[in-house]
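Contents: one structure, followed by commentary.
The values are calculated or read from the model by the stated rules, or taken from the named source; none is laboratory data. Bear in mind that the values here come from a model prediction, so they are computed numbers and not experimental data. When we count neighbours, we look across all protein chains shown, and the Cβ atoms used for this are built from the backbone with ideal geometry, even at glycine.
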Amino acid sequence: MRPLLLHLDHFGSFREPVSVDFSDTEYFALVGPTGAGKSTIIDAICFALYGTVPRWGKENVIAHALAPSAGSGKVAMVFESDGRRYGVVRSMVRDAKGAVRTKEARIDELDTSAPLEQAYEAVVKPLAEGENVTPEVQRVTGLEYKFFTQCVVLPQGRFAEFLHAAPRERQDLLVQLLDADVYELIRQQAAREEESAKQAASFARDQLARLSGASEEAERELSERVEALRRLAQSIDTDLDLLRAREGDIRRAEQERAAVAERQSVLSSLRMPAAVPTLASAGRAAAESLDGLSAEVASLEADDHEAYEARAALGDRAEPMAALAALDARERLTGETADARAAAQAEAASLEGIVSRLAAAEEALVAAERERERLRDAHSAADLAQRLAVGEPCPVCLRAVTELPGSADRPAHSLDDLATADRTLTAAREYAARGRSAQAKAETSAAMLAERATRLEAELAALPAPGDRAAIEGRLAAIAKADEVAAQARAAVRAARGRLDQARNDVQQVERQAETAWRTLETTRDRLLVSGAHETPPPPLTREDLHRAWTELLAWRDEAAQAGRAALAAREEELGQATARLADDRRKLGERLAEHGIVPPRGASPDQLGAAVAGTVAKVEGALERVREDRKRAAELASAVTEKEHAAKVAHELALRLRANAFERWLCAEALAVLVAGASETLRELSDGQYELALSDRTGDIEVIDFGEAGMRRSARTLSGGETFQAALALALALSGAVARGLDSIFLDEGFGTLDPATLDTVATTLERLAAGQERMIGVVTHVPALADRVPVRFEVKRDAKGSHVRKVGI
Ligand SMILES: Nc1ncnc2c1ncn2[C@@H]1O[C@H](COP(=O)(O)OP(=O)(O)OP(=O)(O)O)[C@@H](O)[C@H]1O
Ligand SMILES: [Mg+2]
């Protein structure tokens with residue numbers, strides 16, 4: 001780790017932003033008065049990387065990072081490590097309660113070619129943020145915080161930590177510096193490899209055991225069998241061709257036998273159609289019947305025509321029917337007219353009676369009214385007589401009454417008489433009214449009847465002149481008779497025609513049957529001709545006598561069937577012989593195949609036999625191929641077993657050597673010995689030959705050999721302050737230079753004040769020599785002008801009311 005640019009803002013005593021550029025210096029000094037802020041700059045480097053500072057004591061306490069009056073602050077640093085450039089930034093804030101916390105922490109890899117003032121912007125790759133920044137810094141620098149503060153930064157007052165450290169701590173530091181923990185990783189890996197190699201060897205052995213059948217002898221046997229089978233396969237074709245020829249013979253014989261059997265079957269199925277023997281006579285009978293029926297139809301048609309003519313001669317039935325209807329109408333109208341007239345006369349006669357009864361009723365009514373008047377007057381007079389007074393004017397004659405009428409003069413009337421007279425009057429009125437109504441009705445009825453009679457007479461007059469009813473009815477009867485005769489004649493014709501059609505059908509059917517029988521005969525004969533192979537052909541055909549033709553063909557069939565039976569027996573014989581020959585050849589071939597372990601299925605065809613041989617050849621060839629492959633694989637497995645067992649043994653040996661950190665311890669012990677030897681040499685120079693360093697065999701502590709005391713050994717803790725600084729410086733320089741991991745820088749904070757001028761000069765010379773090597777950056781913090789003046793680059797640190805400030809001063 002080599003810092004290039006450090007930026008502080010409100011960190012510790014720095015209350016204003018400040019940048020410190022280390023990029024162009026190898027050796028510098030931080031100078032300034034007590035409390036100026038020099039150590040704070042070294043702290044800032046530490047804080048930027050690890051987030052803590054040695055003097056704060058506990059790690060992870062950042063409360064001190066912020067200047068007390070500041071609310072926020074920041075430390076950022078650009079540095080190089082292993083040829084790469086990194087930028088680390090940590091910023092702090094103080095919250096409302098006054099507690100300081102990290103606001104941002106990040107580390108990025110930066111572009112090495114970017115100018116330093118733009119370094120932070122040239123981010124190549126963000127690496128970590130927050131809590132992950134410190135582990136990432138450890139990875140990048142290769143150092144934990146506690147070792148960083150022992151061999152890169154030697155903090156003020158704590159530079160002797162490594163000198164005084166316990167052997168165990170030193171071991172840890174060296175393990176880290178030397179990357180020696182890699183040997184433990186190697187041991188673990190070796191153990192894993194041993195296990196995996198053992199497993200692989202065991203697996204290969206198992207595989208090998210499974211291939212035990214793949215011997216040289218097995219390969220030889222299979223190879224011989226393949227050869228024998230190939231010879232068999234080459235020679236078997238002739239045998240198979242023979243078998244095929246035999247099978248061909250059998251097939252032909254079977255075909256011939258089948259052909260003969262087919263002909264026999266055709267012959268035996270030959271039947272004369274049942275109708276053939278009677279077909280000729282049936283034809284004749286049907287023709288005769290047809291002739292008879294034709295004559296009958298002709299005769300009946302003549303009768304029908306005659307009847308038709310006779311009927312036509314009688315004319316249309318409508319005319320006599322109309323005359324008859326007129327006659328009927330006339331008779332009916334005549335009767336109705338007479339009835340109407342008689343009724344009218346009767347009505348007129350009854351009217352006379354009604355009129356006379358009405359006159360009597362009118363008279364009775366007048367009499368009744370009169371009687372009623374009279375009775376009323378009588379009653380009124382009687383009434384008045386009672387109210388008359390002599391001398392008083394009479395209400396009737398207006399003259400003075402002179403004398404009262406006597407009651408004896410007047411007939412006695414009661415009121416009952418008046419009521420009876422009223423009832424009589426009412427009855428008379430009703431009777432007279434009924435008489436008037438009856439008269440009006442009779443008059444109306446008589447008028448209507450007279451009118452109807454007149455109307456009927458007019459209709460009657462309009463009718464045509466009446467004919468003779470008997471003549472008309474006679475004519476109608478003749479027409480009906482003629483109709484009946486004509487209908488019967490027509491029905492007879494129709495029936496006869498039906499029978500004639502039937503007879504024609506019968507004739508046609510016989511003809512069809514005959515035709516069918518001829519056709520059957522012809523096709524049968526053709527089939528027989530086609531089936532061929534008869535000694536004599538079927539008899540020739542002339543379409544003359546169907547029955548005879550059929551009979552001749554059947555006779556021929558019987559002869560041909562007999563010859564066919566003999567032929568069938570001969571074919572059977574041939575077939576038997578061919579089958580026996582095939583069976584014999586097949587058995588011989590089967591025996592040959594069995595010698596080669598080939599057992600084909602029963603009745604296998606020549607092709608199947610050939611395929612069985614070819615299949616066996618392929619199978620045995622496959623088996624041979626597999627045995628060869630297995631032998632090859634077995635050889636590979638055997639060498640794999642050897643190889644893996646060897647690898648397991650090597651890994652085992654390696655793990656054994658590295659076990660329990662033995663190698664790591666040995667390596668660190670060696671490194672420490674080299675380190676102490678280097679430091680011892682430096683110390684001898686610094687102490688002007690008085691001291692050397694050595695390791696205690698018993699405790700492992702670093703001891704000093706004091707040549708001022710005859711080379712006595714004693715604990716380094718017994719050295720004075722200045723001597724301790726010399727020894728610690730010697731160790732720190734050896735550490736940063738002599739171990740495997742190059743530590744690119746070293747910062748020494750004070751300690752020089754304890755040296756006398758001569759020693760200081762030696763120290764200064766040593767540092768200058770180291771810086772001249774340009775292998776690492778050296779930074780010192782000192783109050784000692786004698787040293788500060790010799791350092792080529794100085795950063796003057798001052799502090800005023802605004803906090804600390806820094807200024808670079810070159811020589
Ligand atoms: N966390 C802090 N906050 C505020 N001030 C601090 C903090 N730490 C240190 N200081 C003060 O900052 C000033 C600078 O301290 P620093 O240790 O850097 O001084 P120095 O220059 O190294 O002095 P010396 O020569 O005595 O070692 C001192 O006054 C110190 O008390
Ligand atoms: Mg200081």
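What to note about this one:
- Hits in region 512-528 (condition: surrounded by 12 or more Cβ atoms within 10 Å (Cβ to Cβ) and not polar (S, T, N, Q)): ALA514, GLU515, ALA517, TRP518, LEU521, GLU522, ARG525, ASP526, ARG527, LEU528
- Test: residue in region 693-704 that is within 16 Å of ligand 2 (Cβ to nearest atom), modelled with pLDDT of 85 or more and over 60 Å from the mean Cα position of the chain (by Cα): no
- Residue list for region 532-542, filter: surrounded by fewer than 17 Cβ atoms within 10 Å (Cβ to Cβ) and at negative phi: GLU535, THR536, PRO537, PRO539, PRO540, LEU541, THR542
- Residues of region 619-635 satisfying the condition of being within 18 Å of ALA201 (Cα to Cα), surrounded by fewer than 14 Cβ atoms within 10 Å (Cβ to Cβ) and charged (D, E, K, R): LYS632
- Of all residues making up region 330-382, the number that are farther than 27 Å from ALA428 by Cβ and free of Cβ contacts under 8 Å to residues at least 40 places away in the same chain: 8
- Condition check for GLN726: more than 16 Å from ligand 1 (Cβ to nearest atom), closer than 19 Å to ASP701 by Cβ and either modelled with pLDDT under 85 or surrounded by 16 or more Cβ atoms within 10 Å (Cβ to Cβ) (or both): yes
- Pairing residues of region 684-702 that are under 16 Å from ALA166 (Cβ atoms) with residues that are polar (S, T, N, Q) and buried (at least 21 other Cβ atoms within 10 Å of the Cβ), at Cβ distances under 6 Å and at least 6 apart in sequence or on separate chains, gives no pairs at all.
- Test: VAL396 is touching an Asp or Glu at 6+ places or on another chain (Cβ under 8 Å) and surrounded by fewer than 12 Cβ atoms within 10 Å (Cβ to Cβ): no
- Some residue of region 304-318 being farther than 30 Å from ILE479 by Cβ, surrounded by fewer than 16 Cβ atoms within 10 Å (Cβ to Cβ) and among the hydrophobic types (A, V, I, L, M, F, W, C): no
- Hey, VAL75 touching a residue at least 24 places away in the same chain (Cβ under 8 Å) and in contact with a Phe, Trp or Tyr (Cβ under 6 Å, 6 or more places away or on another chain) or not: yes
- Unique match (being in a helix (DSSP H, G or I), modelled with pLDDT under 90 and in contact with a helix residue (DSSP H, G or I) (Cβ under 6 Å, 6 or more places away or on another chain)) among ALA408, ALA450, ALA419: ALA450
- Residue, surrounded by the fewest Cβ atoms within 10 Å (Cβ to Cβ), within region 460-511, restricted to residues that are acidic (Asp, Glu) and more than 25 Å from PRO320 (Cα to Cα): ASP501
- Within region 660-713, the set of residues being hydroxyl-bearing (Ser, Thr, Tyr) and assigned to a helix (DSSP H, G or I) comprises SER680, THR682.
- If you go through region 258-276 and keep only what is of a type outside the set (A, V, I, L, M, F, W, C) and either exposed (fewer than 14 other Cβ atoms within 10 Å of the Cβ) or modelled with pLDDT of 90 or more (or both), you end up with GLU262, SER265, SER268, SER269, ARG271.
- Residue in region 258-279 that is over 30 Å from ARG512 (Cα atoms) and among the acidic types (Asp, Glu) present: yes
- PRO3 being within 16 Å of ligand 2 (Cβ to nearest atom), crowded, with 19+ Cβ neighbours inside 10 Å and over 25 Å from ASP800 (Cβ atoms): no
- Of all the residues in region 772-811, those that are buried (at least 19 other Cβ atoms within 10 Å of the Cβ) and either without any contact (Cβ under 8 Å) to a residue 40 or more places away in the chain or within 23 Å of ALA679 (Cα to Cα) (or both) number 10.
Table: residues versus (1) within 10 Å of ligand 2 (Cβ to nearest atom); (2) surrounded by fewer than 22 Cβ atoms within 10 Å (Cβ to Cβ); (3) within 60 Å of the chain's Cα centre (by Cα).
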| position | (1), (2), (3) |
| --- | --- |
| PHE22 | no, no, no |
| LEU30 | yes, no, no |
| ILE42 | yes, no, no |
| VAL53 | no, no, no |
| LYS58 | no, yes, no |
| VAL61 | no, yes, no |
| HIS64 | no, yes, no |
| GLY71 | no, yes, no |
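For every residue, the table says whether it meets (1) under 17 Å from ARG252 (Cβ atoms); (2) surrounded by 16 or more Cβ atoms within 10 Å (Cβ to Cβ).
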{"site": "ALA580", "(1), (2)": "yes, no"}
{"site": "ARG586", "(1), (2)": "no, yes"}
{"site": "ARG592", "(1), (2)": "no, no"}
{"site": "GLY603", "(1), (2)": "no, no"}
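- Among the residues of region 744-770, the ones that are within 16 Å of ligand 1 (Cβ to nearest atom) and either free of Cβ contacts under 8 Å to residues at least 12 places away in the same chain or part of a strand (DSSP E or B) (or both) come to 3 in all.
- Top-ranked residue in region 745-755 [being modelled with pLDDT of 85 or more and more than 16 Å from ligand 2 (Cβ to nearest atom); ranked as nearest to PRO155 (Cα to Cα)]: ILE746
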